[in-house]
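Working notes, beginning with the structure itself.
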């Protein structure tokens with residue numbers, strides 16, 4: 001399973017722009033930018049390494065949200 005329910009929710013939240021969902025190409029660019037892809041006009045498509053690093057960073061963000069929610073539920 002690529003996304004658990006929380007990461008899918010975070011993904012949906014991050015992909016909405018002006019009330020519409022972004023395309024798959026835009027989603028790939030967002031993930032690649034998290035991995036260091038600059039997205040300049042002269043750059044080609046994102047490579048495997050920037051996609052891998054970006055996805056790892058996204059997973060870290062989801063983990064932080066999960067830990068934050070757990071901490072709030074323990075102290076609430």
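The values are calculated or read from the model by the stated rules, or taken from the named source; none is laboratory data. This one's a predicted model, so the numbers in the text were calculated from it and none came from an experiment. Ideal geometry is used to build each Cβ from the backbone, glycine not excepted, and the neighbour counts take in all protein chains shown.
The set of residues in region 34-52 that are out of contact with any helix residue (DSSP H, G or I) (no Cβ under 7 Å at 6 or more places or on another chain) and surrounded by 10 or more Cβ atoms within 10 Å (Cβ to Cβ) comprises 38, 43, 45, 47, 49, 52. Of the residues 27, 70, only one is at pLDDT below 90, over 16 Å from the mean Cα position of the chain (by Cα) and part of a helix (DSSP H, G or I); which? None of the others qualify; the one that does is 70.
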